[in-house]
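The values are calculated or read from the model by the stated rules, or taken from the named source; none is laboratory data. Computed from a prediction, not measured in an experiment: that's the story for all the values here. Backbone-built Cβ (ideal geometry, glycine too); neighbour counts: all protein chains shown.
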């Protein structure tokens, strides 16, 4: 008998006797895996699902929200997990008061948080607007003077 055939006979004999003990060896590992699923993974999934439902229920029509991309808008409609936002600024009378409003539809996961509504921006003090106008006129005088100087040299 050659060493190769002897090895094959030993392996065959070992596999016949250990087929039932192999299942017994894997059974504790399988039980540990099932127990780990029920004690660790499943409670975490339930907790995450409850948090998602609670977070989505706090946003209602008329709330001002911010998306993960930084878009700020007012919720117009909610259809399942789709939220229609109105972006842009409207005046108190409903007329355009700034950029034209736009309707955009977002999924719930894209809405980052509910934000506090801003009141109408306070008017700038008169001194600040006068300073801005003075700076603009000063810049205009400098640019027109430079253009005039170039015309004289030509």
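Just a few scattered comments:
Residues checked against (1) at pLDDT 90 or above; (2) over 57 Å from the mean Cα position of the chain (by Cα); (3) surrounded by 10 or more Cβ atoms within 10 Å (Cβ to Cβ):
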{"residue": "3", "(1), (2), (3)": "no, yes, no"}
{"residue": "17", "(1), (2), (3)": "no, yes, no"}
{"residue": "24", "(1), (2), (3)": "no, no, no"}
{"residue": "30", "(1), (2), (3)": "yes, no, yes"}
{"residue": "36", "(1), (2), (3)": "yes, no, yes"}
{"residue": "39", "(1), (2), (3)": "yes, no, no"}
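- Members of region 91-107 found to be surrounded by 14 or more Cβ atoms within 10 Å (Cβ to Cβ) and at pLDDT below 90, listed by number: 101
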